[in-house]
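Working notes, structure below.
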Amino acid sequence: MSEKIFNIDDLQNINVEGEKYIILQIGPSHPGSGHMRIKVWLDGDIIVKVDPDIGFVHRTSEWLSERREWIKAVPIVERIMLPDTVHANLAYILTVEKLLGIEPPPRAQYLRSLVAEINRITSHLYGIGIFGIFLGSSTVYMWAFGDREPFIDLMEMLTGARITTSYIIPGGVRWDLPNGFKERAETVLQYMERRLKDYEDIWVKNPVVQARTINVGILKKEDAISLGVVGPNLRASGVYYDTRKHQPYAAYPNLDFEIPTMKNGDSYDRLLIRVEEIKQSIRMIRQILKDLPEGKIVADQIYNQLNPVMKKNYEEKKRVMFPAFMIHMRPPPGEATAKVEAGRGEIFFYIKSTGDKYPYRFRWVTPSFRNLPFFTHVAVGHRLADLPTIYGSIDYFPPEADR
Amino acid sequence: MNIKDELLKISTNVVIDEKKAHYKILIEDPAKLLDAASTLKNLGFDHVVSVTGVDYPDKVEVIWHVSSYSVEDLKGINLALTFSVKKPEPVNHNEAQGNLAGKRPPVTVPSLVKIWPSAIFNEREAFEMFGIIFEGHPDLRYLMLPEDFYETWPMRKDFTYQRAKVFIE
Amino acid sequence: MNEVRKPRDPVTGHIKALAKGFKYLLEPNRMTLDYPAETMKLPPNYRGFFTVDDKKCIGCSMCEMVCPPEAITMVPRIIGEGGKTLPAPEGEKETKGPKRTKRPVVNWGKCIFCYFCVDVCPVDAFIPTQVHDVAFEKDKDYRPSYEEYLKPPEEPYKNAKKVVSKADLKRGVSYEPAP
Amino acid sequence: MNFIPIPLIIWLIEDLLYLIIFPGLVTILVLVIIIIWLERKIAAKVQMRFGPLWVSKKIGGALQSLADLLRYSFQEAIIPEKADKLAFILAPGLMFAFATIALIFIPVGPYYSALFPSYYTILFSVALIIITPIFAIIVGWASDNKFSFIGALREGFLLISYEVPFLLSVVSMIVIFRTYNYISAVQSQLNFLPGIILNPLAALTMLIVMIRTTGRFPFDITEADSELVLGLFTEYSALFFGVGMATPYVELYNFSLIFSLLFLGGWWPLNVNVMNPLYGLFLPGLIVVIKAFIVMAILVFLRAVYPRYRLDQAVRSGWSYVLLLSVLSVILSIVEVRFLR
């Protein structure tokens, strides 16, 4: 088992020659692989070595974004991280805002946090559902994907689209809260709180799930730190780190919330921490809807550039239209980095501007890419049937890792 | 601990913008890179967030963005450890060199995987995208590109691609 | 967090899981929309197919410039005198009468419905609709001409029951007939 | 009409009736189609959705399985180049055949008895049921596919670990009823108490073994799709695949018949002593099949609740808890026979 501390030299030392091992190519068209290939060396039923081969859905998002106007990168980054669209959008816009020097008004900050937390719940439900089908429980899969629906409906009500919202723009957000949103959100949150108890009975505390996940895929705290694992997987190993606390953005400095951490770092902890984070997100959404400040939803720098037709629209329909600045945006030369805690972990952006109409260097790292060491390190020593457990528990999403 | 002083001990060329959480160390000498990385790791920067290159007409800049999970004061800092390397002169295509040959020869920098194991996949990506050979990396293969990708280093600025001309309805 | 992690003993766990499954088997809880038989009436800001108001459009090409997938093309149009098409005079500047201008046409095969174009329009000339579930039979159909573009795709399943979704404490989402 | 000897006609066509129509092939086919549909519907109901619907919308999509069967029948059968072709083609058929043949020793009424009336029907039927998984192993080996091969290995492990408890649970009922014959076993239940009350441990063991042998959740290990694609049947297509997928349901039917005969009192509450076409032949059989159907429905409901165990966990529990349970059930039977009766 993975009791030993990770050592980089192990990668070379594993002897994989000879007929002793069965080499399984799991993927890229396999029910348990996603859009990737996992090459597994098996000694009987025990995994000796795992080589994740990613890149099957590499969509050259960095290349494309470096050859487009700044605003056009928003849909690109969203489509890479489909379950976490708002976070990808937010991370990119935060970086651009740092370059531009724009600070959005408080109401926009709260709305950003609101839609980000709704998105986090859908992302965790997505992860729990995929974990369910990997262990063979179609019920949890269907339940989790069904329960995404009320939250996606909320996103649809607020932003006009279900998944690819493109809601956050430099300087603010595109739409204000519609009428009846608060009541609907409260109903949905109460529904979800009730459902979490049912999930506990049929999934989290199910003896079969406990047998399958407890002490499977242990990632120790030291390993989690040295391998640079992110998000709920990091916190399940006992590291107290969350970008929302340590590099606060949007409305998070004003919100009261906890960062759940676990001790053991096994698959069961990684499952539990997602459930706990859903509870925290519910708590945060309530706070946001209660404390939502009045005011503009877009920074004055943007608002002042709106023409009279757009201003009329802003007053009547609570809708921010784009001034021509959005197309011809040329952030001053410089570099900026930003981190955002998405549902699966931390998104990192590094953008270099030369004052041109395209970004000079557009670099971003997605959480799933940084969770790749789970395959090479954690899966070794387990049984073949534990590979889907580990895969599902880290909530790995291949298109996101490939970018 | 004043982070600025500590960083200045490593290199004189330090850019700090606390408001944007933008910290940058520039290192010129390849011999000092490993020392600088070890010092940073001892300071508490325990993992690599991203390894990337930036392609300039005459040089390639390699950036290790590092951050900390273990030291409370450093958790809010994104530090860019930057190392510039001059591009070698373009050489003609040489079959014997296989994949790595072509008009855009690769550059060589020391690998920091031994210090930060979290850089392992990141360095593989920087290798295939920018043609940065990380010396000492245990497993330097293409990560996302297919094994037989013939046009090397797609993220360099002079990379062009052929639009598909056939349109099938 | 250890109280969360505490495992349940197997006998209780099995009984509780089976009981919960049986409860869900018996109680009415279906949250699916019987889609082609019932269709949703979507919120007014839903981003569906959209068309352009020929009268309002000033042909400024902003929408073409902002379009992320480059789905919008500006087609030349001659307006004035009832939109009658006239041959363009060579190298001559027009002062009155028919005027040459441009109009956007969206390639629905490329459009991603981000509505950047709708928002960037300085005269708010785009007319959004909530139609989203349209299938095109031919490749040509999703590359309309300007005249075809002025009539955006119509909603399929016209006879379907119209419902609106509503948050429900029991089922998450329930559907009630649209007003 | 007095001169037509009805028992004689029945005696003449009985064998045919038994094997082809009821409870033989036709009933199996109908029941398998219904149980697959019911399985999907039950799962869908727990999962808050419709389930199969659009094939025959008015009756809730009940014809969905029939449509699937038709589709499999007319699909192109692909045989891999490197497969052991004879074994590849024969093994699913033999698997299905042996699962069906076990029926000839299972009576569904006091006079509507097995094809080969014998004093040892329990032993014969159990022996034939145990043969079936061996062909599953041949299926996995013949495909020349790593996933099928691993599936076959898993099947082998599980087969061995759950055979002993199964036999012991049957033995404990034999000890109680002091007979190797289903009809006598049912008669003694009709006279006293159903087997499930006499020996609940044996009933529980039998249920677990049924879940395991027919690959229901949480023991759906040989076909674990997140690891092994489709397990044994990864390379199969067309009717071979359909037959292979239907075989576990046939086995489930056999097991459920045995369960209802040994534990649920057979044709209880009907106690018939007359050789009558309706009361003597058809009605007892119907009662037994309905009981078996209820048992099947309960077992397919488990899909909606459980994920699957890991191979080593299943094997370990097979050799420990379930074996212990079965040994205890034998002891319980001996004690009951010694002291109660």
Query - segment D:227-341 pair-distance distribution - Cα-Cα, 5 Å bins, rounded % - result: 2, 9, 10, 12, 17, 17, 13, 9, 6, 4, 1, 0
Requested in this report: With a point put 7 Å past each Cα toward its Cβ, work out how far C:Ala19 is from B:Asp29 in nm, to one decimal.
Outcome: 7.3 nm
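Net charge within 9 Å of C:Glu38 by Cβ-Cβ distance, Lys/Arg positive one each and Asp/Glu negative one each, not counting C:Glu38 itself?
On the way: positive: C:Lys161, C:Lys162; negative: C:Asp34.
Overall, the nearby charge balance is +1.
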Report task. Report, ordered by chain and residue number, the lysines lying within cross-link reach of A:Lys296, taken as a straight Cα distance under 21 Å and ignoring same-chain residues fewer than 8 apart. Result -> A:Lys98, A:Lys182, A:Lys311, A:Lys312, A:Lys317, A:Lys318
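Determine, for each peptide in B:63-73, D:70-80, the mean count of other beta carbons within 10 angstrom over its residues, then list the peptides with the highest first. Intermediate values should be presented prior to the final figure.
Details: B:63-73: 21.2, D:70-80: 12.5.
The packing order, highest mean first, is B:63-73, D:70-80.
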Report summary line: Rounded to a whole number, the mean other protein chain Cβ count within 10 angstrom for residues of A:354-365 is 3
**Report entry** Label-point separation in nm, C:Asp141 to C:Lys6, each point 7 Å along Cα→Cβ
**Finding:** 6.1 nm
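What pairs from B:Lys20/C:Lys110; B:Lys4/B:Lys87; A:Lys339/B:Lys41; B:Lys4/B:Lys86; C:Lys20/D:Lys58 go past 26 Å between their alpha carbons?
In this structure, B:Lys20/C:Lys110; B:Lys4/B:Lys87; B:Lys4/B:Lys86; C:Lys20/D:Lys58 lie more than 26 Å apart at Cα.
Given a Förster radius of 41 Å and the C-beta distance between C:Lys56 and A:Arg67 as r, what FRET efficiency does 1/(1 + (r/R0)^6) yield to the nearest 0.05? All intermediate terms of the calculation are to be shown ahead of the outcome.
Values: r = 33 Å, r/R0 = 0.79.
Computed FRET efficiency for C:Lys56 and A:Arg67: 0.80.
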**Report entry** Dipole axis of the protein assembly as shown (+1 Lys, Arg; -1 Asp, Glu on Cβ), positive-most option in D:Trp37, D:Met173, C:Leu25
**Finding:** C:Leu25
Query raised in the report: Using the Karplus equation 6.51 cos²θ - 1.76 cosθ + 1.60 (θ = phi - 60°), what ³J(HN,Hα) coupling, rounded to whole Hz, does each residue of segment A:370-386 give in order, writing x for Gly and Pro?
Result: 7, 8, 4, x, 4, 6, 6, 9, 6, 6, 5, x, 8, 7, 4, 5, 7
Query raised in the report: Roughly speaking, what is the centre-to-centre gap between segment D:228-243 and segment A:170-200 when only Cα atoms are used, to the nearest Å?
Result: 44 Å
Query raised in the report: Considering only DSSP beta bridges with both partners in the protein assembly as shown, what is the antiparallel share in %, to the nearest 5?
Result: 85 percent
Report task. Treating the angle as unsigned and between 0 and 90°, give the value, to the nearest 10°, between the Cα long axis of helix A:138-159 and the longest Cα principal axis of chain A. Result -> 10 degrees
Requested in this report: Taking chain D as the reference, fit the longest principal axis to its C-alpha atoms, fit the long axis of helix D:238-262 to the helix C-alpha atoms, and give the angle between the two in degrees, 0 to 90, nearest 10.
Outcome: 30 degrees
Query raised in the report: If the chain between B:Lys86 and B:Asp17 were fully stretched, how many nm would it gain, using 0.36 nm times the residue separation less the Cα-Cα distance?
Result: 22.2 nm
Query raised in the report: Which listed residue (B:Leu74, B:Ser38, B:Val62) has the Cα farthest towards the positive end of the charge dipole for segment B:3-135, taking +1 on Lys and Arg C-beta and -1 on Asp and Glu C-beta about the Cα centre?
Result: B:Val62
Report task. Would you list which aspartates and glutamates come within 13 Å of A:Lys357, measuring only between C-alpha atoms, while excluding same-chain residues fewer than 8 positions from it? Result -> A:Glu66, A:Glu69
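Report, in deg cm²/dmol and to the nearest 500, the calculated mean residue ellipticity at 222 nm for chain D, where each DSSP H run with n ≥ 4 adds -39500 (n - 2.57) and the sum is divided by the residue count.
Counting only the DSSP helices, I get -20500 deg cm²/dmol.
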Query - Neighbour-limited loop hits for trypsin sites (Lys or Arg not before Pro), segment A:231-311 (at most 15 other Cβ within 10 Å; DSSP other than H, G, I, E, B) - result: A:Lys263
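Hey, with R₀ at 22 Å, roughly what FRET efficiency would D:Ser237 and D:Val26 work out to, going by the Cβ-Cβ distance, to 0.05?
On the way: r = 26 Å, r/R0 = 1.17.
After rounding, the FRET efficiency stands at 0.30.
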Report task. Grab the beta carbon distance between A:Gln305 and A:Arg59, set R0 = 35 Å, and tell me the FRET efficiency rounded to 0.05. Result -> 0.60
Query raised in the report: What Rg and what Dmax come out for segment C:31-178 when only alpha-carbon atoms are used, in angstroms?
Result: 19.4, 71
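With +1 on the Cβ of every Lys and Arg and -1 on the Cβ of every Asp and Glu, and nothing else charged, how large is the dipole of the protein assembly as shown about its Cα centre, in debye rounded to the nearest 20? Walk me through the numbers on the way to the answer.
On the way: 123 positive and 118 negative charges, 495 e Å.
About 2380 debye.
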Report summary line: Between the Cα axis of helix A:181-199 and the main Cα principal axis of chain A, the angle (0 to 90°, nearest 10) is 10 degrees
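Inside 10 Å of the C-beta atoms of C:32-43, what's the mean count of C-beta atoms belonging to other chains? Mind dumping the intermediate values first?
On the way: counts 10, 2, 4, 0, 1, 1, 0, 0, 2, 0, 4, 8.
Whole-number average of other-chain Cβ neighbours for C:32-43 is 3.
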Query raised in the report: Going by Cβ distance under 4.7 Å, what cysteines of the protein assembly as shown have no possible disulfide partner?
Result: C:Cys57, C:Cys60, C:Cys67, C:Cys111, C:Cys114, C:Cys121
Report summary line: Placing each pseudo-label 7 Å from Cα in the direction of the beta carbon, D:Gln187 and D:Ile78 end up separated by a distance in nanometres of 5.6 nm
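Please give the average number of partner chain Cβ atoms lying within 10 Å of the Cβ of each residue in A:91-104, rounded to a whole number.
Numbers: counts 0, 0, 0, 0, 1, 0, 1, 5, 1, 0, 2, 0, 0, 0.
Going residue by residue through A:91-104 and averaging, the value is 1.
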Requested in this report: Provide C:Asp168, C:Asp9, B:Asp46, A:Asp147 in ascending order of the number of other Cβ atoms located within 10 Å of each residue's Cβ, fewest first.
Outcome: C:Asp9, C:Asp168, B:Asp46, A:Asp147
Query raised in the report: Using unit Cβ charges (K, R positive; D, E negative) and no other charged atoms, how large, in debye to the nearest 20, is the dipole of chain A about its Cα centre?
Result: 1020 debye
**Report entry** Backbone N under 11 Å from the A:Gln25 label point (7 Å along Cα→Cβ), restricted to segment D:119-158
**Finding:** none
Query raised in the report: Just how far, in whole angstrom, is segment A:324-378 from segment D:164-187 if you go by their alpha carbon centroids?
Result: 70 Å
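Values quoted throughout were computed directly from the atomic coordinates according to the rules given, and no laboratory measurement underlies them. Values in this document were obtained by computation on a predicted structure and should not be read as measured data. In this analysis, Cβ positions are derived from the backbone assuming ideal geometry, glycine residues included, and neighbour counts consider all displayed protein chains.
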